[in-house]
1. I'd like the residue in region 297-317 that is in a loop (DSSP other than H, G, I, E, B) and open to solvent by 10 Å² or more (accessible area, probe 1.4 Å) and, out of all such residues, is nearest to Leu397 (Cα to Cα).
2. Could you grab the pairs with beta carbons closer than 8 Å, sequence gap of 6+ or different chains, first residue in region 175-199 and farther than 18 Å from Leu264 by Cβ, second one among the hydroxyl-bearing types (Ser, Thr, Tyr)?
3. I'd like the full set of residues that are open to solvent by 10 Å² or more (accessible area, probe 1.4 Å), more than 21 Å from Ala339 (Cβ to Cβ) and touching a residue at least 12 places away in the same chain (Cβ under 8 Å), limited to region 227-266.
4. In region 24-37, which residue that is more than 18 Å from the chain's Cα centre (by Cα) and in contact (Cβ under 8 Å) with a residue 24 or more places away in the chain is most open to solvent (accessible area, probe 1.4 Å)?
5. Restricting to region 135-147, and then to whatever is in a loop (DSSP other than H, G, I, E, B) and open to solvent by 10 Å² or more (accessible area, probe 1.4 Å), can you tell me which residue is nearest to His306 (Cα to Cα)?
6. For the condition free of Cβ contacts under 8 Å to residues at least 24 places away in the same chain, more than 25 Å from the chain's Cα centre (by Cα) and either part of a helix (DSSP H, G or I) or buried (at least 22 other Cβ atoms within 10 Å of the Cβ) (or both), what is the one hit in Glu100, Glu66?
7. Which of the residues that make up region 267-291 are β-branched (Val, Ile, Thr) and either assigned to a helix (DSSP H, G or I) or without any contact (Cβ under 8 Å) to a residue 40 or more places away in the chain (or both)?
8. Got a number for residues in region 69-97 being open to solvent by less than 10 Å² (accessible area, probe 1.4 Å), under 15 Å from Asp356 (Cα atoms) and either of a type in the set (Phe, Trp, Tyr) or not in a helix (DSSP H, G or I) (or both)?
Amino acid sequence: MPNELNAPSLHSWIDIHPESDFPIQNLPFGVFETDERGPHLGVAIGGYVLDLYAASQFGFFQDLDELGDAQPKVFRRKSLNAFLRLGRPAWRAVRQRVSELLRHDEPRLRDNELAVRDCLLRQTEVRMLRPVKPANYTDFYSSIEHATNVGTMFRDPANALLPNWRHLPIGYHGRTSSIVASGTDIRRPNGQRKAPTEDAPTFGPSRQLDFELEMAFVVGTGTELGTTVSIDEAENHIFGLCLFNDWSARDLQSWEYVPLGPFLGKNFGSSMAPWVVTLDALEPFRIAGPTQEPQPLPYLSQSGAHNFDVHLEVALTPANGPETTISRANFGLMYWSMAQQLTHHASNGCNLEAGDLYASGTISGATPDSLGSMLELSWRGTRPVPLADGSERSFLLDGDTVTMRGYAEKDGVRIGFGEVSGTVLPAL
């Protein structure tokens, strides 16, 4: 069924711009509200949101046995979590029905003027919310280019990667309460910082505020405590992916992270895009990841195409200034795949929960214009990045807005992720 819904020949009765992120082959899920309705679950199509709760009120899902007695209330929620807990058959059944309703030759919705008016809202007229309420959040460190760059800057360039890096997906558990919806302002954090030239630490606003270009996957199917997930079954637990910005205070981070890892330099804010693109929609864009040397241990060994060819970019917009694209990278370069990340995460019996969020870690490429953080782009502040207004940045200034975008494209079909953005506010 996923291959049928991804066919390039499919088109909708809704007029969709060729460069839109949201053709009928995509149909990502999110949560929105307006002054008059919501929060409701929705699906993006072109410049519109299909209100799933409103569609259920017109009976468009009433024959879907996969939903059981969950509808219509499952579509009237503040997050996708309850929908995710229904399981993969329900996700696929709803996506297939939405695809049918929006197909150019299907009259059920198209020819029902009242239903069209009630079910389809312009994206410019809704407020997008955080799509899931994650009970748990893990941030990985899975780009070999990023890990090598950081190791070169902060440790020994000849031994940039620590001995364990090529053997397992490195990660840490972060904080969920500070994961916010795209468009939410980010307050510059205070904390302890100590420059190499200073004798003692001081407390105050971060001087090295940074972004991290990441993708995150959302767990759809949970597990029981004490059980594991095989590498062959891992992707069955993944609902979809979204853009993610893991804001970082580098000066706070470098002072505090030894010996236990990230703390206040990370947990002040992470931004999540509003649309979650399903794995089913991304099937045509699978690619093989980089060759892994040495071969991972058997429980992490996999063959075939488990990475996804997603083009990513980061733009920086100063206050009252024009936007400048400062980085272009690709998610397909990640050394450790999502399946390997999830399998390793659960290998000790740690239980997974619907709505859990797993971020990729900073995504960087091998060229100077493909680095996924200011830390790398400015090489720890020694090579300031030029902007279109003539100014430069080593790290982020108050008033700067960071916007990340991503899309996959093949055979004339563009599957986009929308964008995730946030503006830096001064420290308190």
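The values are calculated or read from the model by the stated rules, or taken from the named source; none is laboratory data. Being a predicted model, the structure only gives us computed values, none of them experimental. Counting neighbours? That spans all protein chains shown, and the Cβs are built from the backbone with ideal geometry, glycine included. SASA here: full protein model, heavy atoms, side chains in, ligands and nucleic acids out. Shrake-Rupley method; radii C 1.70, N 1.55, O 1.52, S 1.80 Å.
1. Across region 297-317, the extreme among qualifying residues is Asp309.
2. If the second residue must be among the hydroxyl-bearing types (Ser, Thr, Tyr), the pairs left are Ala181/Ser271; Ser182/Ser271; Ser182/Ser421; Gly183/Ser421; Thr184/Ser271; Asp185/Thr423.
3. Arg250, Asp251, Gln253, Ser254, Trp255, Glu256, Gly261, Pro262, Leu264, Lys266
4. Per the criteria, the residue is Glu33.
5. Tyr141
6. Answer to the check: Glu100.
7. Once the filter is applied, which keeps residues that are β-branched (Val, Ile, Thr) and either assigned to a helix (DSSP H, G or I) or without any contact (Cβ under 8 Å) to a residue 40 or more places away in the chain (or both), region 267-291 yields only Thr291.
8. So the count comes out to 2.
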